[in-house]
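Worksheet: the structure to be examined is printed underneath.
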Amino acid sequence: MKNSHQLYRDRRSSLLQKMRAQTGGGLALVPTAPEALRNRDSHYPYRHDSYSYYLSGFAEPEAVIALVARDGGDQQLLFCRDKNEEREIWDGFRYGPDAAREIFGFDAAHPIAALATMLPDLASDQPALYTPLGLFPTWDRMIADLLNEVRGRARTGVSAPEEIVDVRQPVDAMRLVKDAHETALMRRAAAISAGAHRRTMQRTRPGWYEYQVEAELAHEFLHHGAQAVAYPSIVAGGPNACVLHYRSNDRLLQDGELLLIDAGCEFGSYASDITRTFPVNGRFTGPQREVYELVLATQQACIDAVKPGADFHDYHKVAERVLAQGYIDLGLLDASLDEALESGSYKQFYMHRAGHWLGLDVHDAGLYQVKGTSQKLVPGMVLTVEPGTYIRPADNVPERFWNIGVRIEDDILVTADGTENLTAATPKGVADVEAACGR
């Protein structure tokens, strides 16, 4: 495996090559995320921008990557905060330009304060400017000021970039296929999250609050070195399991109901995303088990459909067919399979897609279809497989199924031979789940 210095430098070189091929060269400017106030003078925990981090590995705020593709040689530049011993006493370590240049493999690094004065020269006589558009309002204003500054030099014979390209478009294609470094981090994130889900199965009891279960997840994440969740954890008991993006996590868990947990940690800036559903008292009731086994069979059929060369959308179509037939068999739908699929009546119980890309972001970068055609799966892609069933009380629903919500989600790496389930260590068979609950 390459060292991180060369890994990130190679990614930047690949982007420079794409710029030459697309527009004959240009200037790419990629900022990291600004710090955000939570309230008064307290900040949210800082999280860098994923695009900036993908190209640099540099996690500090107030940083901009500048990549110059022009005749005479490419340049890879970083603008970052100066060393400042006084601020480091308050806020912690800073690399500073000199160390950042050497450690992260840039040709040169400059203080962030020099950005405004150096950018007009870097942008002059460039055919294109590559930068994220509409990502950060302050950045958009700075780019507008930069272009106006360069255009104002027209009488000196300088030209401004004629084409503005959203740099995320070429980087998205790069991020879609993970390298060995990325998959190693994702395996670690998956392993930590799998342990957290096992912990909740073992410890949860009737009479706990959802937030107490969330605390068990947080304990396992932090204990194993994951400093952040990949997304706010969903801990949804009973009827809350039928709310797709439930966030309150404050309900008292009752004996005899299910608990749906959708939670994953972020490790080394890479996300994991696992959903498991289990009985609060450790034993499925008859109707709960019927629905659970349907979702489990659906998920396995979906995973079987994920393979190199398949269309991304194929496994969602599998989920629709298997679930719709299952609803007919359970007496939830009174229709033939073709009628249920054509009318969409199955969407009363299943209303979301079967998965998404996974990587630096939990809903990661990358197109799902290109020019109207589904993206083809290739080795190195990582996606989630997460069919579900959500049965709310309704006149056309037998009461024994009311408030049963089940989702089962794993993280799947596409390989040359098929797939690798990164989260397979998380119990999900009925017997395995009941055993893990350890009642």
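The values are calculated or read from the model by the stated rules, or taken from the named source; none is laboratory data. Predicted model only: the values in this text are computed from it and were never measured. Note that each Cβ is placed from the backbone with ideal geometry, even for glycine, and that neighbours are counted across all protein chains shown. Note: accessible area is taken over every heavy atom of the protein model, side chains too, but ligands, DNA and RNA are not part of it. Shrake-Rupley method; radii C 1.70, N 1.55, O 1.52, S 1.80 Å.
Between 0 and 90 degrees, the angle of helix 137-151 with respect to the longest Cα principal axis of the chain falls at about 30 degrees.
Across the accessible surface of region 194-320, with the other protein chains kept in place and a 1.4 Å probe, carbon and sulfur atoms take up 50 percent.
On full extension, the segment bounded by K376 and R20 gains 125.6 nm, given 0.36 nm per residue less the C-alpha separation. For the peptides 385-397, 109-121, residues were scored by their other Cβ atoms within 10 Å and the scores averaged per peptide; the highest-first order is 385-397, 109-121. Using only alpha carbons, region 287-409 has a radius of gyration to Kirkwood radius ratio (Rg to Rh) of 1.01. Between helix 286-305 and the chain there is an angle of about 40 degrees, using the helix long axis and the longest principal axis of the Cα atoms. Within the chain, all pairs of alpha-carbon atoms sorted by distance into 20 Å bins from zero give the percentages 23, 48, 25, 4, 0. For the chain, the longest principal axis of the alpha carbon atoms and the long axis of helix 314-329 meet at an angle near 20°. Taken as Cα centroids, region 200-223 and region 92-154 sit 45 Å apart, rounded to the nearest whole angstrom. Calculated [222 nm] ellipticity per residue, helices only, for the chain: -12000 deg cm²/dmol; basis is -39500 (n - 2.57) per DSSP H run with n ≥ 4, divided by all residues, nearest 500. Annotation: aspartates and glutamates with alpha-carbon distance below 17 angstrom to K307 (same-chain offsets under eight excluded): E386, D410, D411, D417, E420. Taken per residue, the accessible surface of the chain reaches 44 Å², heavy atoms only and a 1.4 Å probe. Shown in residue order for region 369-379 are the 3J(HN,Hα) couplings computed by the Karplus curve 6.51 cos²θ - 1.76 cosθ + 1.60 at θ = phi - 60°: 8, 10, 6, x, 10, 4, 4, 7, 7, 9, x Hz (x for Gly and Pro). The peptide list 78-89, 280-291, put in order of mean Cβ contacts within 10 Å with the highest first, becomes 280-291, 78-89. Per the Debye calculation on region 147-291 with a single equal scatterer at every Cα and no solvent contribution, log₁₀ I(q)/I(0) for q = 0.11, 0.13 Å⁻¹ amounts to -0.54, -0.66. For I274, the residues whose amide H sits under 5 Å from its own are A263, G264, ignoring neighbours fewer than 5 places away on the same chain, with H placed 1.01 Å from N.
Region 360-434 and region 1-55 have Cα centres lying 29 Å from one another.
For the residue pair R205 and N39, what label-to-label distance in nm results when each label sits 7 Å from Cα along the Cα-to-beta-carbon direction? A separation of 3.4 nm, rounded to one decimal place. Summing Cβ point charges (Lys, Arg +1; Asp, Glu -1) relative to the Cα centre of the chain gives a dipole of roughly 300 debye. Roughly to the nearest percent, how much of the accessible area of region 73-178 is carbon and sulfur, given a 1.4 Å probe? With neighbouring chains kept in place, the figure for region 73-178 is 51 percent.
Panel values: region 356-404, Kirkwood radius from alpha carbon pairs, Stokes-Einstein at 10 °C and 1.306 mPa s, translational diffusion coefficient 113 µm²/s.
Label zone of Y368 (point 7 Å out along Cα→Cβ, amide N under 17 Å): in region 212-250 this covers 244-245. Based on the reciprocal of the average 1/r between different C-alpha atoms, the Kirkwood radius for region 73-217 equals 20.0 Å. The convex hull built on the alpha-carbon positions of region 8-142 has an orientation-averaged projected area of 8.7 nm².
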